[in-house]
Amino acid sequence: MTGIDATSVMYIIEIIIGGLLVAIGVHFVPVGGAPAAMAQATGVGTGTVQLAAGSGLTGLLAAGLMMKMTDDLLLIVASGAVGAMIMIDATMVVGNWVYIYGVGAPPASAKVNYDPITKLPQPPYMAPGTVGQGIPTVCYVSGTIGGLLGGAGGSLIYFALLSINGNPGLSGIFAIGIFLVNAVLASWNIQGTIEGFHDTKFKRWPRVLQAALLASAIIGVMAVMITGGA
Amino acid sequence: MSVAAGGGAPSKVEPMKLRIYGVVGGLVGIYLASLLGPMTGNWASFIAALGVIPAVVLGANSVRRVCSYGIGTGVPSIGMLALGMGIVAAMFGLAIGGVIGPILGTAIAMGFGYLIGLITNKAIKFNIPVMEEGTMDLGGAGAITLLGLSVAVSGSADYAAIQMSVIATGYIAVVFIAGSLAILHPFNANLGPDETQDRTLTHAISTAALAIVAAGICGIGTIGLPSVLTVIVGFLVWIVYFKKFFQLVKRDAAGVVGTGLLPPSAQ
Amino acid sequence: MDAFSMGLLAAMGALATVAGASEDIESDVGSQSNPNSQVQLAAQVGFPHRIYNKAISGEPPSNALWCAVAAGTAMVLIEKFAMPALLSIALGAAVAALFNGVFSTTAYMGRNASQARFNQYVFLDVLRTHTTTIMAHAWITAFCITCISYIMAYVLPMTHPFPMPLIAMIWGLAVGAIGSSTGDVHYGAEREFQNTPFGAGLNTMDSGHIVREAEAGVRSSIDNAWFCAKFGGPATGMAFGLTVFLDNWRATIFDPATQGVLVVATGVVIVIILNIYNKMLENYARKKYGPYPEYKGDIEA
C-alpha cells in the first residue's frame, strides 16, 4: 500500500479528468440503438456503452503500446485518442456503406432540418415512417469527437494507473473497469439513443458530471493506493 | 423491456435472503479455500469457486429487479457496471486489508454500489425505487465473483499471489468477462413477459458453473493439477442445473417440440 | 520498419477481416444484438417464427468472452504444457466455441419460453441444426482474434505490454461493437424485412412483421447467413480489418520510441481522410437516390 501524497493527488486528479472525458465523450457518440439497426433511426445501430467501449478500449491498446516506449503524457494520450478515432471512424464509414449499398437509403438526421456542418437539408431524405437513418456528416464528426474524448480519457486513466503501480496488466484491467463505470453512467444519462452534439438530449451532459465526478474520485482514491509489485 | 415496465418483476425469493446467502456464501468459500489451501496443496481451491454461485445468483437477481423497470440501455450495461465497480474495490480490499481483505473489498464494493445507485437516482434522475439496493447488490456480487474466481485460479487469497498468477498473466480478463456474463446473461436470456424468477435463478447457477469451468481452465496454468478438480466440479454443477433449467423451460414454454411448421398465432 | 513486422501486420489485417466477417455471420444466424428486438417482437404482434433467438448479453461482451476464454486456454497450453502456439490457439478456440454453444442454447430456450403467451415454441431441431453453425463461426472468430493477440503479445518485434488474454478481450469487445454497428444493419434492415421495398429502413408500422417464409418452406436462420455473407459479413470484416490494420500500421512504419509524433500525426491524417470520404459517400447517396417521393414538407431537397 502506498500512502497519499502530492504525486498521488495528481494521479487521482488525472483519473478524475479521464473519467469525466469518458463520460462526456459518450454523449458525442451517435447511437441509434436497436431502431438504427433496422435503419429506423439515425446513428450507429448499437448501444452507447458498446460502441464507446469498443473504440475507447482500442485506443487503450494503442496507448498501452505507446507508453511502453515513452513517458510523455501528451503523446500517450494523443495516441490513445487517435486509436479510438480510427476505430469509430472505420466503423461509421462501413456502417454507412451498409446503409447506402445494403439498405439503399441515404444518411439523414431527424433532429435538425439542415445539417449544421454541411447545411444540407435533411427531412426530404428521411424515409417515411422512420426517424432518419445512417450517419450524416454532423453525426460522423460528432462521433469522431466522441472517440477522441473517450480514447483520451481511457489513456489518461491508464497513464495515471501505470505511473503508480508499474504493472500493465493491472493498470489495463483497472482502466477498463473505470472506463466502463463512467460509460454506463453516461449511457444511463442519455437513456438509449442520441444523435450527437446537435441532439437536444446532448444538453443533459452536465447531469452526468456530478455522477462521473463522484464515481471517478472514489475509484481514483482506491486505485492510487494499490501497489502493483508483488 | 416489456416485463411489467414500471412495476418491478414478481418474485418469490426475498432479496434479503439472497443477499445473505450471496455475501456469506461467497466469503465462506473464499476463506475456506485460502485456509485449506496450504494444507491440501491447493486441492481446496474449488471451494472458492463454488462460493461464487450464490454471489452470481444474488447479482442475477438484482439485475432482474433493476432491469424490469426498464433502464433504457439494455441489460449488458448494468452487468459491466457491476464488474467495473467490483474489480477496483476487490483489489483495493486485498491490497490493504490483509486477512480481512475479501470482507473489506466486498464491503467497499457494496458501499460504492449504493452510492452509484444514489447518484443515478438523484443526479441522473432515474427514480427507480430499488436502484440503490440493486447497485449495492451488484457491486457486492461483482466483487465476490471476481475474488472467488481469482482465488480459484491462484489457490490463495493473498494479494501478492493473485497479483502474480491472475493479473500479470492476464487470466483476470477471463475471470472479469466470464463473471460479468454469468451475472447479466440469466436475466437477459430469459427476458420476456413470461419470465419466471426460479427459471432465471436456476439459469444463473448454470452460468456461474460455466464461469467456474473457465476459471478452472486458467487455474491449470497456475496451480496445475488441483485446478482440474475445479473444472470437474464446475462441469457437474452445470450438468445438474442445465437439466433443471431445461425442465423449467419445458414447464414454462408454450411448447417444446422436436420439429414443426410455424406455430399458430395466439391472436 | 522491417519486412518481418510488415508481414505480420498484413497477417493481422487479414485475420481481423476474417474474424469480423465470421463474427457478423455468427450473430446473424443467431439473430443476436439489435435485430433481435424485431425477432422478439414478431411473436408479440402475432407472428410466431422459427428464427433462432440468441440473446447473449450484447455482442461486445459475449465476443469478449469467447476471445478471452480462447486466449486464456491457449495461454495455459502454451505456457504450462509447452504446446505449439497454433495448436493451442485452435484448442482454445474450440473451448470458446463450446461456451458459445451453451450460451446460445440457453438464450434460445429462455427467450422462447418467456414468450409462452404468444405461442412461441421451443423447436429442438432449430437448436440442433443452428447451434453448431453458430459455434463454427464463433470458433473462427475466436481463433483469428487469439492469433492477432498472440502476434501482438509475443511475436512482433515490439511486443505489447498487456498480457494475451487481456488483448484478446479488448479485441473481442471491439469486434462485437463493430459487428453490431455495421453488418447487423444488413440483417436487421434488409434481410428481416425483405417483404418491404428496397431503399428505406423499416417503417414503424411494419415493426415485428419479419419475413418468416422462404422461397420454399419456412425460413431458417441458416438462410440468413447465406444472405448476409454476401455483403454484411464482408463489410464487417472490412471495418474490423481496417481498424486493426490502420491502428497498428502507423506504429509499424514509424518507430514509436523516437518518432512518436509521426505515429500520432499519421493517425490524425487517416481520421481526416475518413471524415472527407464519409462526406463524399453521403453526397453520392443523396445524389443517386434523391429525396423520398412521399415527403410532403416545404424544405427544398
**Prompt:** Tell me, what ³J(HN,Hα) does each residue in the range C:258-264 have, in order and in whole Hz, if you take phi through Karplus 6.51 cos²θ - 1.76 cosθ + 1.60 with θ = phi - 60° and put x for Gly and Pro?
**Reply:** 10, 10, x, 4, 5, 4, 5
**Request:** Just tell me how shielded C:206-218 is by partners: mean number of partner chain Cβ atoms within 10 Å of each residue's Cβ, no decimals.
**Result:** 1
**Prompt:** How many partner chain Cβ atoms sit within 10 Å of a residue's Cβ in peptide A:74-82, on average, as a whole number?
**Reply:** 5
**Request:** Would you mind putting C:118-128, A:74-84 in packing order, based on average other-beta-carbon counts within 10 Å, highest first?
**Result:** A:74-84, C:118-128
**Complete:** Sorted on mean Cβ neighbours within 10 Å (highest first), peptides A:204-212, C:91-99, A:10-18, C:71-79 come out as C:71-79, C:91-99, A:10-18, A:204-212
**Prompt:** Using alpha-carbon positions, what is the distance between the centroids of the range A:145-211 and the range B:174-188, in Å?
**Reply:** 21
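Taking the number of other C-beta atoms within 10 Å as the exposure measure, put C:Ser114, A:Ser109, B:Ser165 in order starting with the fewest.
By the 10 Å Cβ count, ascending: B:Ser165, C:Ser114, A:Ser109.
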**0 to 90° range, to nearest 10: angle between helix A:73-97 axis and chain A longest Cα axis** = 20
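For the range C:159-217, which GluC sites (Glu not before Pro) are both in a DSSP coil and crowded by at most 12 other Cβ atoms within 10 Å?
Of the GluC sites (Glu not before Pro), the ones in loops of the range C:159-217 whose Cβ has at most 12 other Cβ atoms within 10 Å are C:Glu215.
Report the relative contact order of chain B, percent, no decimals, based on alpha-carbon pairs under 8 angstrom and at least 6 residues apart.
23 percent.
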**Request:** Scale the Cα Rg of chain C by the rule-of-thumb value 2.2 N^0.38 Å and send over the ratio, two decimals.
**Result:** 1.11
**Request:** Could you please report the charge total around A:Asp89, scoring K, R as +1 and D, E as -1 over all other residues with beta-carbon less than 13 angstrom from its beta-carbon?
**Result:** 0
**Request:** Could you check the simple spin-label distance between B:Lys244 and C:Asp206, using points 7 Å along Cα→Cβ, in nm with one decimal?
**Result:** 4.5
**Euclidean distance between Cα centres, the range A:1-71 to the range B:196-267, Å** = 34
**Request:** Can you tell me the alpha carbon radius of gyration of chain B divided by the globular rule-of-thumb value 2.2 N^0.38 Å?
**Result:** 1.01
**Request:** Give the cross-link partners of B:Lys122 among the lysines, using a straight C-alpha distance below 30 Å as the criterion and excluding same-chain residues fewer than 8 apart.
**Result:** A:Lys111, A:Lys201, A:Lys203, B:Lys12, B:Lys17
**Prompt:** How crowded by other chains is B:155-165, given as the mean number of beta carbons from other chains within 10 Å of each beta carbon?
**Reply:** 2
**Request:** Any chance you could check the Cα centroid distance between the range C:2-80 and the range C:135-210 for me, in angstrom?
**Result:** 5
**Message:** Run the simple label-point estimate for A:Thr200 and B:Met39 please: 7 Å along Cα→C-beta, distance reported in nm.
**Reply:** 6.7
**Item:** Per-residue Cβ neighbour rank within 10 angstrom, fewest leading, B:Leu181, B:Leu32, C:Leu87, A:Leu51
**Value:** C:Leu87, B:Leu32, B:Leu181, A:Leu51
**Message:** Test of the criteria: in the range A:23-123, which trypsin sites (Lys or Arg not before Pro) are in a DSSP loop and have at most 16 other Cβ atoms within 10 angstrom of their Cβ?
**Reply:** A:Lys119
**Request:** Averaging sequence separations of C-alpha pairs under 8 Å and six or more residues apart, then dividing by the length of chain A, give the relative contact order as a whole percent.
**Result:** 35
**Prompt:** Between the helical axis of A:48-69 and the dominant principal axis of chain A, each derived from Cα atoms, what acute angle in degrees is found, rounded to the nearest 10?
**Reply:** 40
**Item:** Cα-based Kirkwood hydrodynamic radius, the range C:240-301, one decimal, Å
**Value:** 14.6
**Request:** Springs between alpha-carbon atoms under 10 Å, Gaussian network over chain C: tell me which of C:Leu156, C:Leu65, C:Leu281 tops the mean-square fluctuations.
**Result:** C:Leu281
**Asked** Taking the mean number of other Cβ atoms within 10 Å as a proxy for protection, how do you rank B:224-235, C:158-169 from highest to lowest?
**Response** C:158-169, B:224-235
**Request:** For chain C, with a Gaussian network of springs between Cα atoms less than 10 Å apart, report the residue from C:Ser180, C:Ser27, C:Ser220 with the top mean-square fluctuation.
**Result:** C:Ser220
**Asked** Modelled label-to-label distance, C:Gln259 and B:Val28, 7 Å Cα→beta-carbon offset: nm?
**Response** 6.3
**Asked** Taking the C-alpha atoms of the protein assembly as shown, how large are the radius of gyration and the largest Cα-Cα span, Dmax, in Å?
**Response** 24.1, 82
**Request:** Take every Cα pair under 8 Å in the range A:162-227 that's 6+ residues apart, average their separations, divide by the length, and report that relative contact order as a whole percent.
**Result:** 42
**Request:** Convert 20 °C to kelvin, take the viscosity as 1.002 mPa s, use the Kirkwood radius over C-alpha pairs of the range C:169-301 as Rh, and evaluate the Stokes-Einstein diffusion coefficient in µm²/s, rounded to a whole number.
**Result:** 116
**P(r) weight above 32 Å for the range A:6-224, C-alpha pairs, percent** = 20
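Lys and Arg at +1, Asp and Glu at -1: add these up for the other residues within a Cβ distance under 13 Å of B:Asp194 and post the number.
Around B:Asp194, the surrounding residues sum to +1.
For the range A:99-144, take N as its residue count and report Rg(C-alpha) divided by 2.2 N^0.38 Å. Show your work: numbers first, answer last.
Values: Rg = 10.1 Å, N = 46, 2.2 N^0.38 = 9.4 Å.
For the range A:99-144, the normalised Cα radius of gyration is 1.07.
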**Complete:** Nearest 10, in degrees from 0 to 90: the angle of helix C:59-81 to the longest Cα principal axis of chain C is 40
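Rule-based calculations on the coordinates, nothing more; no lab input. All figures in this text were calculated on a predicted structure; none of them were measured in a lab. Here the Cβ is made from the backbone with ideal geometry for all residues, glycine too, and neighbour counts use every protein chain on show.
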